[in-house]
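Some notes on the structure that comes next.
Read-outs throughout are calculated quantities, based only on the coordinates presented, and are distinct from any laboratory measurement. This one's a predicted model, so the numbers in the text were calculated from it and none came from an experiment. Reconstructed Cβ throughout: ideal geometry from the backbone, glycine too, with neighbour counts over all protein chains shown.
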Amino acid sequence: MGKHEKGSGVGTLTVMLVVVFITVIVFTVKMIRIYEQYQAIPDTLVTEFYRAFTGECGFMGAIQVAKVFVQARKKKSARQSDDTNIDAGNDGI
């Protein structure tokens with residue numbers, strides 16, 4: 001298997017987001033069932049579970065924001081180099 005071309009397939013962050021979403025749904029359903037059975041839930045487990053996934057989603061958001069900034073910078077740089085090439089080509093006319 002070779003490297004994927006840019007823009008092809010599903011990104012890692014998208015896969016992670018789906019995994020996090022499914023995990024949170026499954027965990028929530030399980031905690032509801034535990035509550036129905038025992039009339040109590042492990043509060044510390046619930047708190048730490050949601051804290052961990054909040055942190056994970058925060059990191060994924062930061063990565064996505066960084067990607068957007070890098071892409072914007074690359075586009076700006078490419079536009080500036082294109083403008084420079086056009087200006088240099090028109091000097092001889």
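Quick rundown of the values:
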quantity: Distance (nanometres) between label positions extended 7 Å along Cα→Cβ at VAL68 and LEU45; calculated: 3.7 nm
quantity: Residues MET60 and ARG33, FRET efficiency given R0 of 22 Å [Cβ-Cβ distance, rounded to 0.05]; calculated: 0.20
quantity: For GLU56, GLU36, GLU48, order by how many other beta-carbon atoms lie within 10 Å, fewest first; calculated: GLU36, GLU48, GLU56
quantity: Signed unit charges on C-beta, dipole axis of region 13-84, positive-most listed residue GLY61, GLN39, GLN71; calculated: GLN71
